[in-house]
1. Sort through 98, 110, 87 and tell me the only one that's crowded, with 19+ Cβ neighbours inside 10 Å, more than 25 Å from residue 33 (Cα to Cα) and within 12 Å of the chain's Cα centre (by Cα).
2. Among the residues of the range 1-47, which ones are assigned to a loop (DSSP other than H, G, I, E, B), modelled with pLDDT of 90 or more and either under 20 Å from the mean Cα position of the chain (by Cα) or of a type in the set (S, T, N, Q) (or both)?
3. Can you name the residue in the range 9-30 that is within 13 Å of residue 52 (Cα to Cα) and in contact (Cβ under 8 Å) with a residue 12 or more places away in the chain and, of all such residues, is most open to solvent (accessible area, probe 1.4 Å)?
4. Of all residues in the range 116-163, how many are surrounded by 14 or more Cβ atoms within 10 Å (Cβ to Cβ), among the charged types (D, E, K, R) and at pLDDT 90 or above?
5. Name, by its number, the condition in (1) open to solvent by 10 Å² or more (accessible area, probe 1.4 Å); (2) under 22 Å from residue 41 (Cβ atoms); (3) touching a residue at least 12 places away in the same chain (Cβ under 8 Å) that does not hold for residue 78.
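The values are calculated or read from the model by the stated rules, or taken from the named source; none is laboratory data. Source: prediction; values computed, not measured. Quick reminder, even Gly has a Cβ in these numbers, built from the backbone with ideal geometry, and neighbours come from all protein chains shown. Heavy atoms of the whole protein, side chains included, go into the accessibility calculation; ligands, DNA and RNA do not. Shrake-Rupley method; radii C 1.70, N 1.55, O 1.52, S 1.80 Å.
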Amino acid sequence: MAQFGGDAYADFVAGAALPVLLSELDRPDARAPENIYATENVVAAIAKTLRFFGARVSDPKSVLQVWFAALPVCNDEDEAPGVYEFLVQMLREQPDVLLGANDMQALRHLVKVVAEALAMCSFKPELAQTLVSVIQGTMASFDDGAKASLWAEIPRDQQEALQTKGLF
């Protein structure tokens, strides 16, 4: 509804549906195997709501932070590209909302999320390269030790997948 419903659905989606979607992310079993696709659909729906009706969301920064914390989306190959396109858009337009003033925990989460998505998903080359560029740009001011520390936190199988794909 957020993407194609148009203005007629804006108030419903931003006002009534969004709180229900956000509450689903709080479930302790949200990432359980039997719920992962539903949870990733919720994450995608929140991204679409922010993208298309962000001006009607009562506290968009707060919702954006909850959405960012709910990443990654790696199992739902249909929704993943849109989610990561929105992530790139937000990192370009509102990096401080997601990453604070170089909040190391947020940066770790970003690197982990993007590395996992790039390793597990089959993105079009343009999106994959954009994600790599965003990560490299975000980490450009880091010294080699900080970069190595972040890389070391990525599981070995994901590191190998990224290198095999020629992304890092």
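1. From the options 98, 110, 87, the qualifying one is 98.
2. 26, 27, 28, 29, 30, 31, 32, 33, 35
3. So, considering only residues that are within 13 Å of residue 52 (Cα to Cα) and in contact (Cβ under 8 Å) with a residue 12 or more places away in the chain, the one most open to solvent (accessible area, probe 1.4 Å) is 11.
4. Here the count works out to 1.
5. For residue 78, the failing item is (3).
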